[in-house]
Amino acid sequence: MNRKKSIYYLNNKKNDDAKLFKTEILLTPILILIPFLVGFYLIYDWYIRDIVLNELDLFTELLLGLIIIFGNLIFDIPLIRSLIKFSSKKKIKK
């Protein structure tokens with residue numbers, strides 16, 4: 001690789017990081033909200049069917065909803081922290 005190509009690659013690497021970071025920022029609400037909505041829907045459905053209608057055979061919906069919500073919390077908290085650290089280290093220009 002000659003010198004011009006390597007300099008061009010290094011200059012574009014910074015722009016690629018900025019584009020990747022912007023994409024992560026835009027997708028973060030979707031990655032966080034959809035599993036929470038699904039988890040809460042499963043818990044709500046379990047509540048309506050088990051508690052209100054007295055059909056005591058849908059314990060798996062409660063368990064699945066809780067697993068989705070807690071799993072999402074476990075993986076999303078580090079994601080949000082890393083995005084905050086990355087945005088505070090680099091000021092990305094438009």
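The values are calculated or read from the model by the stated rules, or taken from the named source; none is laboratory data. What you see is a predicted model, and the numbers here were worked out from it, not measured in a lab. Here the Cβ positions follow ideal geometry from the backbone for every residue, glycine too, while neighbour counts run over all protein chains shown.
What number of residues within segment 4-49 are touching an Asp or Glu at 6+ places or on another chain (Cβ under 8 Å) and either modelled with pLDDT under 70 or acidic (Asp, Glu) (or both)? Qualifying residue count, segment 4-49: 1. Whenever a residue of segment 80-94 is closer than 12 Å to residue 25 by Cβ, its partners that are at pLDDT 60 or above and outside any loop (DSSP other than H, G, I, E, B), lying with C-beta atoms within less than 7 angstrom and at least six residues away or across chains, give the pairs 83/24; 83/25; 83/28; 86/21; 92/18; 92/21.
Among the residues of segment 48-66, which ones are touching a residue at least 12 places away in the same chain (Cβ under 8 Å) and of a type outside the set (D, E, K, R)? Talk me through it step by step, then tell me what you get.
Keep residues of segment 48-66 that are touching a residue at least 12 places away in the same chain (Cβ under 8 Å), which gives 49-50, 58-59, 61-62, 64-66.
Hits for segment 48-66 are 58, 59, 62, 64, 65, 66.
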